[in-house]
1. Before rounding to the nearest 500, sum -39500 (n - 2.57) across all DSSP H runs of length at least 4 in the chain and divide by the residue total; then give [θ] at 222 nm in deg cm²/dmol.
2. Given the options VAL111, VAL63, VAL34, state which has the largest fluctuation in a GNM of the chain using a 10 Å cut-off (strictly under) for Cα springs.
3. In the range 1-91, what GluC sites (Glu not before Pro) fall in a loop by DSSP, with at most 12 other Cβ atoms inside 10 Å?
4. How would the range 94-187 be classified by its alpha-carbon gyration tensor: rounded, prolate or oblate, with rounded meaning a/c under 1.5 and the a/b versus b/c comparison settling the rest?
5. Give the order of MET40, MET2 when sorted by the count of other beta carbons within 10 angstrom, beginning with the fewest.
6. Of the options TRP160, VAL42, SER66, report the single residue whose Cα projects farthest towards the positive end of the charge dipole of the chain (beta-carbon charges: Lys, Arg +1; Asp, Glu -1).
7. How about the range 67-117: which trypsin sites (Lys or Arg not before Pro) there lie in a loop by DSSP and see at most 11 other Cβ atoms within 10 Å?
8. Compute a Gaussian network model of the chain, connecting alpha carbons closer than 10 Å, and tell me which residue from SER50, SER66, SER162 fluctuates the most.
Amino acid sequence: MMDTYRELFSKLISNPTVGELGVDASESLSKYAVKTNAKMMVEIGFNRGSSALTFLLSLPEVVLHSIDIRPYEDVKGSVDFLTEQFPGRFFYHHSSSEFLLDIVKEPVDFVFIDGDHSYAGILRDTELSVQLNPKYILYDDACHPQHGHGVLSVIERMGWTSKTTVDCYTNIHGRIASSGFAFVELV
Ligand SMILES: C[S@@+](CC[C@H](N)C(=O)[O-])C[C@H]1O[C@@H](n2cnc3c(N)ncnc32)[C@H](O)[C@@H]1O
């Protein structure tokens, strides 16, 4: 299983950057994805497609819209690979998430927020996502030394603390000392 994952991850464009949920994080990320049983989902923050690949593998029926400010030319290798590997299930949108509601117009089951990690960015992405009526929202970096406070403050501001599971981890991708997920169940 992990060998298949490694093989698929190796097809994404190279130069992994700090903060991505690579193959070592796929098991943890997958646990949340499976729980949602999502058929329609949005990912804010594609980077080179690692988390997108995990979602597409974990959720066999999901249609995934990934949004990132990275131009298509920069991520072409990954986008083309995922489009070919998961026909009709993966759509890349080169855009700021500010325009989320121009891109996705139908309700979604699940939103993954891992884009602009400033408090203002997380709040904006959250408030826009809510308008798509998701049952679940997952945030990365909930325990991150720099960004974790922003995630948890937004969750508190939304009144979701009692609906949220925070799962901190250490060294999951080798380069970040500590981070974690916050999983909000709105159903
Ligand atoms: C931490 S990376 C995402 C990692 C990816 N989810 C993964 O685990 O493989 C954050 C990404 O958010 C993107 N980003 C930052 N601000 C954004 C915005 N306003 N709208 C959309 N994407 C944004 C960056 O270009 C970067 O690729």
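1. On the way: 7 runs with 68 residues, N = 187.
Calculated from helices alone, the mean residue ellipticity at 222 nm is -10500 deg cm²/dmol.
2. Between VAL111, VAL63, VAL34, it is VAL34 that shows the largest mean-square fluctuation.
3. Values: sites: GLU7, GLU20, GLU27, GLU43, GLU61, GLU73, GLU84; in loops: GLU20, GLU61.
Passing both the DSSP loop test and the Cβ count: GLU61.
4. Working: a/c = 1.86, a/b = 1.45, b/c = 1.28.
Since a/c reaches 1.5 and a/b is larger than b/c, the shape of the range 94-187 is classed as prolate.
5. Working: MET40 18, MET2 10.
Taking fewest neighbouring Cβ atoms as first place, the list is MET2, MET40.
6. Farthest along the dipole direction, towards plus: TRP160.
7. Working: sites: LYS76, ARG89, LYS105; in loops: ARG89, LYS105.
Passing sites in the range 67-117 are LYS105.
8. Its mean-square fluctuation being the largest, the pick is SER162.
Values quoted throughout were computed directly from the atomic coordinates according to the rules given, and no laboratory measurement underlies them. For clarity, every value in this text was computed on a predicted model and none was experimentally measured. Cβ sites come from the backbone with ideal geometry, for glycine too, and all protein chains shown count toward neighbours.
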